[in-house]
């Protein structure tokens, strides 16, 4: 495989995670964003100190984002270093938002599909709201 | 009895007549075994990458010879307390059906030649592993419960898909 792909590396609680940079609209400050469109907590965990937010566009063109502790930077990785999850793990996770792994300095780092994560969390919140109303 | 090592382990040689070659591990105070032919080597686990949303029986992944392998905690798969993931933790790299994985347990014992005459059907109600046992037997180190690892792994994965 050839080609390079930029990925955004970020810290969320104790974890270092990655996301495709092309899917990130901008990096924001949670204090300056509308709290209602930010995920403060998700299946990825909760940031210790939410200093940054990764903002993506939904299919409807609306901004939504994920609060993280820090954005560590953007790295260009070889396409060969973007790997699928091992077959045993693929499908066994409770979320489809872990889309694969990025090899960084020889270590696998979870690659997060931010739009999928946000969609899943919004759907879960909508389900919770419906069950509360019922 | 072969000792666990970090060096690649050759496929087991043919057992003596009347012996079954099994690979033994310890989990939750019990001694469990499975077909030794499934195991390619024993490795020391380095730092694991934990996967968000992973079920308890999948404590993480790690790289091994250029491949990323999922680690399966046998203890958790048997509904026992989780295996220790200390710096000295070792795992058996094996292929179970379509899956290549690293099996973690409380301790890796290694190869054992278990006399076939000692192998019997598992007794009813043999603890948390009962559903996955194919036989129980005994060698010089004591009793051993033989697992149908393929069925255990498939069931653990199915449980996570249904949860």
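We did not get these values from a lab; they are worked out from the coordinates using the rules stated. The structure presented is a predicted model; accordingly, all values stated were derived computationally and were not measured. Cβ atoms come from the backbone with ideal geometry, glycine included; neighbour counts cover every protein chain shown.
Hey, with R₀ at 30 Å, roughly what FRET efficiency would residue A:63 and residue A:90 work out to, going by the Cβ-Cβ distance, to 0.05? The formula returns an efficiency of 0.50 here.
Taking a point 7 Å out from the Cα of residue B:26 in the direction of its Cβ, the residues of segment B:101-130 whose backbone N falls within less than 17 Å of it are B:104-112.
Could you work out the relative contact order of chain B? I mean the mean sequence separation of Cα pairs under 8 Å and 6+ apart, divided by the number of residues, in percent. With pairs under 8 Å counted, the relative contact order is 25 percent.
Computed over the alpha-carbon atoms, chain A gives an Rg to Rh ratio of 0.98, Rh here being the Kirkwood radius from the mean inverse distance. Note on A:79-91: average number of Cβ atoms from other chains within 10 Å of each residue's Cβ is 5. When the alpha-carbon atoms of segment B:69-163 are used, the pair Rg, Dmax equals 14.0, 41 angstrom.
Per residue of B:45-52, other chain Cβ atoms within 10 Å of the residue Cβ number 5 on average.
Considering helices alone, the calculated mean residue ellipticity of chain B at 222 nm is -3000 deg cm²/dmol, with DSSP H runs of length four and up weighted by -39500 (n - 2.57) and normalised per residue.
The simple spin-label model puts a point 7 Å past each Cα toward its Cβ; for residue B:19 and residue A:48 those points are separated by 5.3 nm. By the Cα gyration tensor, segment A:52-100 has an equivalent ellipsoid whose semi-axes, rounded to whole angstrom, run 24, 17, 12 from largest to smallest.
Based on a Kirkwood Rh over C-alpha pairs, give the Stokes-Einstein translational diffusion coefficient of segment B:114-163 at 20 °C and viscosity 1.002 mPa s in µm²/s.
It comes out at roughly 179 µm²/s.
Principal axis extents of the C-alpha atoms in the protein assembly as shown (largest first, rounded to whole Å): 73, 51, 30. Residue by residue along A:94-105, Cβ atoms of other protein chains within 10 Å of the local Cβ number 2 on average. The Rg/Rh ratio of chain B, with Rg taken over Cα atoms and Rh as the Kirkwood radius over Cα pairs, comes to 0.95.
Secondary structure note: in segment B:34-163, about 85% of the DSSP beta bridges are antiparallel.
Taking the C-alpha atoms only, the angle from helix B:149-162 to the longest principal axis of chain B is near 30 degrees.
For segment B:45-110, the relative contact order works out to 27 percent when only alpha carbon pairs closer than 8 Å and six or more residues apart are counted. Measuring max minus min along each principal axis, the C-alpha atoms of segment A:4-79 give extents of 36, 32, 21 Å (largest first).
When peptides B:53-59, B:77-83 are ranked by their average number of other Cβ atoms within 10 Å per residue, the highest-first order is B:53-59, B:77-83.
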